[in-house]
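The structure appears below as structure tokens.
Nothing in this text is a laboratory measurement; each read-out follows from the coordinates by a stated rule. This is a predicted model, so every value here is computed, not measured. We place every Cβ from the backbone using ideal geometry, glycine too, and count neighbours over all the protein chains shown.
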């Protein structure tokens, strides 16, 4: 790969500035660059070049001094994000420093950040599902939030467009609540998963168990290699087999010659020009030197991630926008959503002791939503719905540590695969509540003296009712398909654990109640586009990243059309 | 995000992630001295003898290496020293002292100096009374995990230290760093021992 051009020029007016280089920012950069726009990507963290900057990608457990455990200093540095349970010595360098980037939890909220080129696209779960018409109609039908200004048909061609390039493996099912993607061949279910699938689909007509649809290549694509089943994705994939900005969109943008990516560039605010009635650029703080710099552009794409984008907008105050950029409606910072997380059931499966699997599949099973998708499936207890992720596997030493055994036979058994376990865990939709919000905290400043965010968000009665149903259904399904020792669980996680934060600068039909129009343009400054999770008007129950990709490609196409027509 | 990677971590890192804050044969030789090849970073002599004999009784050498063969005790010392907080370290010291005091009261000597039979008795007592680990999903225990206490913590850490050692990981378990494919159903007889990674 050619080296990246990091030489941003203050005097130049770029065609486009993209704030952030994660999943949506990478797509904005690729689309804008390929359409001929000189594009400056501003990344607040360091450069992470594909392969070259994946230092742990081939490590074995014994290669680490502490076999993966974090030191007290590392735990202190990540004192917020370690709550997720995901950080180890192998991935610690891809998580933001929580001490340098504090935030206030007015109510408990876990905000996981990844401050480097590629952002959280290096760390994401790769589960990729199209949203359905049911999702886009939801607010209009039950009256929560405002209506989406778009419908499934508006995004459908853009889903196909991004899927063909990103590479999504999966199996078509033809379900209205989970439209099929343009698929590469699916990954395989293991024997226990196949067994549970056949029992479940017989016992519960209308419910389906499928292999996860995932942004992992099962065939080579555009020079990227296919998945090698190492399941070391979060360290960066040397084959480029999973979708990340680093492996896919940023190299494509770079290949055009139109990309400049400036690392260590914290966008402080967007500059609004009263005369022109639009944004003219951004104010940047160099994260290493603290130098204040301004960069100019004709259009600006905000892709800093849901809450970081809104933080920039809230911090962009002017005579025209005293309450934050584009905030005529007063909705900026409001309607924050996340999926509920870690509620479900698990147990053991007998009868497959002589069976095993080969390879470490970075993917699991999925059970698509089955509540509130038709008159027959309507619940009188809750609105919206949930889906499950999960899987079957042979357990390891955790089971052994509980066994009342030790000594020679115990050790011999320890070296054999443990019992088969099967689990499912739900992800439920969260309604958009005006009072779930973020605001600027001007008393607690970050390392660069900038205001931080105060997050005031909670799950309410509808989410609790969904969670109750998730656990009840999970236990019932597992027991009926013959799983043994079924245990239901609900970890009562606060929002943020789903790492699917959405909303706070929503799209809508009416400028009085929303920030963005149907093309993701700020109503009151139409050369500013917001296409990360901040734009979301509702949050479905399926993973959002694919929808960010499609929305971004669609908005970028529109932006260039509007530029060419001299409309913005 | 990273949920899949965490599955693999669930068993092995349990010790490190969950247990560290509160923290752990047939005897081949009497552990009257600290191993000659070891200068502990954290453990005092009595503690080092306890850990060495405990890991040896948990996972003794047979036709496959035992915990001492892969220096599980030395690793545990290192990981307590390098990754535990001072509070956690002090709590562990107190737990080790209590464990040895119980051995003295019940069997007349500290754990390392007990006969094989008494060691087994002492450990079986712990097995029956020590709380168990909850199941885990994606690296985190489900439900509210009550503290499992010194014995089960140390047992879990010993298993972790053993299974993630290079010798066991590469030579005893099935080491396949780049599988290249996923096959959902193969006869166990074609694989043998568990996959290492």
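Brief remarks follow.
- Across all directions, the shadow cast by the convex hull of the protein assembly as shown built on its C-alpha atoms averages 31.7 square nanometres.
- The C-alpha atoms of chain A define a longest principal axis, and helix A:152-166 lies at about 80 degrees to it.
- Global form of segment A:157-201, assessed from the alpha-carbon gyration tensor, a/c cut-off 1.5: oblate
- Tilt relative to chain A, helix A:545-564 - C-alpha long axis, 0 to 90 degrees, to 10: 20 degrees
- Rounded if a/c under 1.5, otherwise prolate or oblate - segment A:398-497, Cα gyration tensor axes: oblate
- Ranked packing of B:47-53, A:429-435, most packed first, by mean Cβ within 10 Å: B:47-53, A:429-435
- Between the helical axis of A:133-142 and the longest alpha-carbon principal axis of chain A there is an angle of about 80 degrees.
- Per-residue ellipticity at 222 nm computed for the protein assembly as shown from its helices equals -9000 deg cm²/dmol, with DSSP H segments shorter than 4 residues left out and the rest contributing -39,500 (n - 2.57).
- When peptides A:410-420, A:109-119 are sorted by average Cβ neighbour count within 10 Å, with the highest value leading, the order is A:109-119, A:410-420.
- Segment A:333-468 - percent relative contact order, Cα under 8 Å, separation 6 or more: 36 percent
- Within segment A:484-568, the percentage of alpha carbon pairs spaced more than 18 angstrom apart rounds to 52%.
- Rg/Rh for segment A:82-234 stands at 1.01; both radii use Cα atoms, and Rh follows the Kirkwood definition.
- Normalised by the number of residues in chain A, the mean separation of alpha-carbon contacts (under 8 Å, six or more apart) gives a relative contact order of 22 percent.
- Segment A:164-296 shape via C-alpha gyration tensor axes, a/c threshold 1.5: prolate
- A Förster radius of 51 Å combined with the Cβ-Cβ distance from residue B:105 to residue A:10 puts the calculated FRET efficiency at roughly 0.10.
- For B:146-158, mean number of other protein chain Cβ atoms within 10 Å: 2
- For the peptides A:440-449, A:209-218, B:179-188, the ranking by mean Cβ contacts within 10 Å, running from highest to lowest, is A:209-218, B:179-188, A:440-449.
- Length-normalised contact order for segment A:112-234 - Cα pairs under 8 Å, 6+ apart - percent: 26 percent
- Fraction of antiparallel bridges per DSSP, the protein assembly as shown only, in percent to nearest 5: 70 percent
- Note on segment A:504-546 and segment A:158-194: Cα centroid distance 26 Å, given to the nearest whole angstrom.
- Average beta carbon contacts from partner chains per residue of A:84-93, 10 Å cutoff: 5
- For the pair residue B:38 and residue A:275, label points projected 7 Å from Cα toward Cβ lie 7.7 nm apart.
- Förster radius 25 Å - calculated FRET efficiency between residue B:166 and residue A:350 (Cβ-Cβ, nearest 0.05): 0.15
- For residues of A:65-77, the mean tally of beta carbons on other chains within 10 Å: 5
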